[in-house]
Amino acid sequence: MRDLLMGAMPPDWDVATSARPEAVQALFHRTVPVGVQFGVVRVLLKGFEYEVATLRADLGYSDGRRPDGVRFTDLSEDVRRRDFTINGLALDPMTGEVADLVGGVADLRAGILRAIGNPDERFAEDRLRPLRAVRFAARTGFAIEAGTLEAIRRAAADVAAVSVERIGEELKKTLLSARPGLGWRLLADTGILAAVLPECDGAGSTDRVAAALDAAVGTTDVDGMWAVALWPLGPEAAAVTLRRLRQSNRAIRDAADTVRLGAAAATLDDGNVVRAKRLLREPRARAGLDVLAAWRRAEGHDDGPVRAARDRLAGWAPADLHPPRLATGDDALAAGIPSGPRVAEALEALEDAQLDGTVADPAAALAFLRGMAARVDRTR
């Protein structure tokens, strides 16, 4: 309902009903009791899935995440257990009438994010809610109501008790929002950043990280946005952070590589064409340049190194970056290169010679290897 009133098509619909779970199961042929103890039944109908929840009141939250039990009730009680007023709206599909029992429509119009009822109680019920508030603010640009904001500050430390998977998912959604910089500032201001990303609290200026995140919006993917946020840590520490948040191995590798390549690209103007080609041919090189551009903008620097690297990349054909293999390990041995690690070293040196244009055909490659073998003999 919230998205609809904001002029956007909702990505999904929460279906609520006064019917008990057993009645829902009896009405439809194919159902899955995914959370029947909480009144939730998944209905499979005409190729679609719908989660249907019975209107309920929750009976305590000992673990700060899920209700200890539920009591089935009416719409009035059901909406008052929810998090924010803008999420407490209901639509009658038969009449098209909006039921607003918590002032959600007024807050939507005013651009305010406000907890329903007592904010301290709402955040104690579900310790993830303070982080969700930041994510909603970053998505919508809404101001967090003063009492709700103070309650978030009081509850910030408790967010760390939530599973790292859920924390990581909310942080990811915040980074992918329309205003990730606003989200980052709120994380720092409320104390949530210190609770869930302590390595980032004080690592780099909050304003610069926020400015870099905003500068990167629409230019890179989620791993690139992680790279922007974790840039001050460097690639190794960024990987440690994402591993702690239990991100996928691919996401960890891609974000860390993006940080590494972006930082390296800042010094590519040294005339070393081999180093430039080896770096810019890596899969995450373009993302690294996007992140470097965002950070240089945030720090008030020109984007000269980024432009230079992009110009180089545009001027090279795929074969310039990945030259064909002109010799094998057997060729290196036949040329006199000693067996063992020196063979790999010789082939890497040969590829460097191809990258800088010194070697261009098999005959020149064999001559290059023989020359290397002769130098090895002289050093023995």
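The values are calculated or read from the model by the stated rules, or taken from the named source; none is laboratory data. No experiment lies behind these values; they were computed from the predicted model shown. Cβ: placed from backbone, ideal geometry, glycine included. Neighbour counts: every protein chain shown.
If residue 348 meets every condition in (1) surrounded by 14 or more Cβ atoms within 10 Å (Cβ to Cβ); (2) modelled with pLDDT of 95 or more apart from one, which number is that one?
(1)
Yes or no: the stretch 243-254 includes at least one residue that is buried (at least 19 other Cβ atoms within 10 Å of the Cβ), within 30 Å of residue 191 (Cβ to Cβ) and free of Cβ contacts under 8 Å to residues at least 24 places away in the same chain.
yes
When you scan the stretch 134-192 for helices (runs of 4 or more DSSP H) that lie fully inside it, which ones turn up with 1 or more residues that are in contact with a helix residue (DSSP H, G or I) (Cβ under 7 Å, 6 or more places away or on another chain) and acidic (Asp, Glu)? Spell out how you get there, then give the answer.
Details: elements: 146-155, 164-175, 180-190.
Counting at least 1 such residues, we get 164-175.
What single numbered condition from (1) over 16 Å from residue 244 (Cβ atoms); (2) at pLDDT 95 or above fails to hold for residue 172?
(1)
Identify, please: which residue in the stretch 43-94 is within 24 Å of residue 136 (Cα to Cα), outside any strand (DSSP E or B) and hydroxyl-bearing (Ser, Thr, Tyr) and is, among those, modelled with the highest pLDDT?
Among those residues, the one meeting the criterion is 85.
Determine if the stretch 267-287 includes at least one residue that is small (Gly, Ala, Ser) and closer than 18 Å to residue 220 by Cα. Before the answer, list the steps.
Within the stretch 267-287, the subset small (Gly, Ala, Ser) is 271, 276, 285, 287.
Now drop any that are not closer than 18 Å to residue 220 by Cα, which leaves 285, 287.
Yes, there is a match, as at least one residue in the stretch 267-287 is small (Gly, Ala, Ser) and closer than 18 Å to residue 220 by Cα.
With respect to residue 308, determine if the residue is touching a Leu at 6+ places or on another chain (Cβ under 8 Å) and either among the hydroxyl-bearing types (Ser, Thr, Tyr) or modelled with pLDDT under 95 (or both).
Yes, satisfied.
So which of 203, 212 ends up being modelled with pLDDT under 95, over 15 Å from residue 128 (Cβ atoms) and of a type in the set (A, V, I, L, M, F, W, C)?
Within the list 203, 212, the selection yields 203.
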